[in-house]
């Protein structure tokens, strides 16, 4: 059955400051049947937060909605414009201008806490009396413009030629409760940037080095690995993005840290998609004997083993942002597993993620259409 009101508006990523354009198609046959007297279009954007707390036997929930953008335009009233002769469809254009200082679209839901930054176009067919209005809602993702993020994105996609940053983590482990320790270390090398732009392939190298406990050389058969052996496939390492969220509702506030966002760079025990491991380059080195100083006669020493992973990762999450009601920050987590209880090597470090969108009018996005990682 045809609808009285049809919204024609592209559901794609929008940039703060952009002019939004669309059309409303009115089917006058259905419009008359539904007794619609006026049609208006709404642009809405808000930040919504919710916190629930337990007080004795009761759960108390507080909610707060703060408007970020609000605009309404009436496109048709009963007795106004009519369809062209020979048709029953009237097409009416509309446009809005997004403010240039909007927060990025974002959605978070945790235990007894929620936070959402959302934007939408809504068409309302108003009806008098006790009839419900006819409504059509079209959510849309919005990102702030970031000229520097856009420039960094272009440089990275052209092939990074700048400085590099190394993040290292190391610890001592052993196979059992007793005995000498082995040493494990991992080093992540990424472009030396204070911010990382979204929708951009970012190159990285992960180097894992292990040095065994002191032993006699003949204790290890030729060609065999030695504990702790580094992983030789991307499934043996893990590279994750985590999100920390602060939510405030009126005078209540709470935080939620370590929320998983995505696995990155083709490094994870389980692949989220069939081509996840395809672009990871793995370079394993033959183990190297390190003689113990001053103990060459006994042929004692340690074995050094090494592997390097090379790939890229792309961030598709909402950028970091701060507001009185909601703050979103990000942390990268690295993990390499070794046999034994509590022997995993883990490390975390904070990053700031920024938009890579140019301001409206500065030029079109020169890659495939970007899609922000948000719920449908």
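Rule-based calculations on the coordinates, nothing more; no lab input. In this text, all values refer to a predicted model and were calculated from it rather than measured experimentally. Note: ideal-geometry Cβ built from the backbone for every residue, glycine included; neighbour counts use all protein chains shown.
Using packing as a proxy for protection, rank 96-109, 336-349 so that the peptide with the highest average count of other Cβ atoms within 10 Å comes first.
On the way: 96-109: 17.6, 336-349: 15.0.
With the highest mean Cβ count within 10 Å placed first, the list reads 96-109, 336-349.
Maximal additional length on extending the residue 300-residue 217 stretch stands at 29.3 nm, based on 0.36 nm per residue less the C-alpha distance. To the nearest 0.05, what FRET efficiency results for residue 100 and residue 177 with a Förster distance of 45 Å applied to their C-beta separation? My answer for the efficiency is 0.15.
Which of rounded, prolate or oblate describes segment 206-332 when judged by the alpha-carbon gyration tensor and an a/c cut-off of 1.5? Prolate, since a/c reaches 1.5 and a/b exceeds b/c.
What does the convex hull of the alpha-carbon atoms of segment 1-118 project to on average, in nm²?
Working: hull surface 43.8 nm².
Average of the hull's projected areas for segment 1-118 equals 11.0 nm².
Multiplying the residue separation of residue 112 and residue 63 by 0.36 nm and removing their Cα-Cα distance gives an extension gain of 16.5 nm. How big is the antiparallel share of DSSP beta bridges in the chain, given as a percent to the nearest 5? Just about 95 percent of them are antiparallel. Could you compute the FRET efficiency for residue 170 and residue 122, with r as their C-beta to C-beta distance and R0 at 41 Å, rounded to 0.05? My answer for the efficiency is 0.15. Protection proxy ranking for 156-165, 8-17, using the average of other Cβ atoms within 10 Å per residue and placing the highest first: 8-17, 156-165. If I fit a long axis through the Cα atoms of helix 147-157 and take the longest principal axis of the Cα atoms of the chain, what angle between them do I get, 0 to 90°, rounded to 10? That works out to roughly 50 degrees.
Neighbour counts of other Cβ atoms within 10 Å put 142, 211 in the fewest-to-most order 211, 142. Estimated from the Cβ-Cβ distance and a Förster radius of 45 angstrom, the FRET efficiency linking residue 34 and residue 257 is about 0.35.
So for segment 230-376, averaging the separation of alpha carbon pairs under 8 Å that are six or more residues apart and normalising by length, what relative contact order in percent results?
It comes to 25 percent, rounded to a whole number.
For 371, 242, what ranking results if the residue with the fewest other Cβ atoms within 10 Å of its Cβ goes first?
371, 242
The spacing between segment 314-376 and segment 205-281, judged by their C-alpha centroids, is 17 Å.
Calculate, in nm to one decimal, what residue 205 and residue 277 gain on full extension: separation in residues at 0.36 nm each, minus their alpha carbon distance.
Result: 24.5 nm gained on full extension.
Is it possible to state the helix-based mean residue ellipticity at 222 nm for the chain, with each DSSP H run of 4+ residues giving -39500 (n - 2.57), the sum divided by total residues, to the nearest 500 deg cm²/dmol? What is it?
-1000 deg cm²/dmol
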